[in-house]
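Following: one structure in structure tokens, then a few remarks.
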Amino acid sequence: MTNYDDLREKLLNDPEIREEYDALEPIYALKRQLIAMRLEQNLTQEELAKRIGMKQSTLARLERGSYSPSLKSVQRIAKGLGKKLTLTFQ
């Protein structure tokens, strides 16, 4: 039986899969950062969701990666965390 790391490495050796994986990285990096900021402020998903007028289940799906948030949603979350959203292109 193959473990997750072995399977991941095997799949990422496929150039098409690697390209799609790399294309998703900015979204997952953003989600990791949002989760980290929420935890740094000792907020539960429910507390942050109430603060920004979002359902806890919606915030959970966003953090889990079940869907990609809209820019508007990310702005709401940033504001709820007392942060300012800035975007850059490289």
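The values are calculated or read from the model by the stated rules, or taken from the named source; none is laboratory data. All values reported here derive from a predicted model rather than from experimental measurement. Every residue, glycine among them, receives a Cβ derived from its backbone with ideal geometry; neighbour counts consider all protein chains shown. SASA here: full protein model, heavy atoms, side chains in, ligands and nucleic acids out. Shrake-Rupley method; radii C 1.70, N 1.55, O 1.52, S 1.80 Å.
See the values below:
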read-out: Cα convex hull volume per residue for the chain (Å³); value: 131
read-out: Backbone HN-Hα couplings from phi across region 76-90 [Karplus 6.51/-1.76/1.60, Hz, Gly and Pro as x]; value: 4, 5, 4, 4, x, 8, x, 10, 10, 7, 10, 10, 9, 10, 10
read-out: Fraction of accessible area attributable to carbon and sulfur, the chain (%, probe 1.4 Å); value: 52
read-out: Accessible surface, the chain, averaged per residue in Å² (probe 1.4 Å); value: 79
read-out: Positive-end residue, region 11-90 charge dipole about Cα centroid, Cβ charges, pick of Leu62, Pro15, Leu85; value: Leu85
read-out: In the chain, lysine pairs closer than 22 Å at Cα, eight or more apart or cross-chain; value: 16
read-out: For region 63-70, 3J(HN,Hα) per residue [Karplus equation, 6.51 cos²θ - 1.76 cosθ + 1.60, θ = phi - 60°, Hz, x = Gly/Pro]; value: 5, 6, x, 6, 8, 8, x, 6
read-out: Amide H contacts under 5 Å for Leu85, placed H, 5+ residues apart; value: none
read-out: Sites matching chymotrypsin sites (Phe, Trp or Tyr not before Pro) across region 1-73 that sit in DSSP coil, with at most 14 neighbouring C-beta atoms within 10 Å; value: Tyr67
read-out: Debye, to nearest 20: dipole size of the chain, +1 on Lys, Arg Cβ, -1 on Asp, Glu Cβ; value: 880
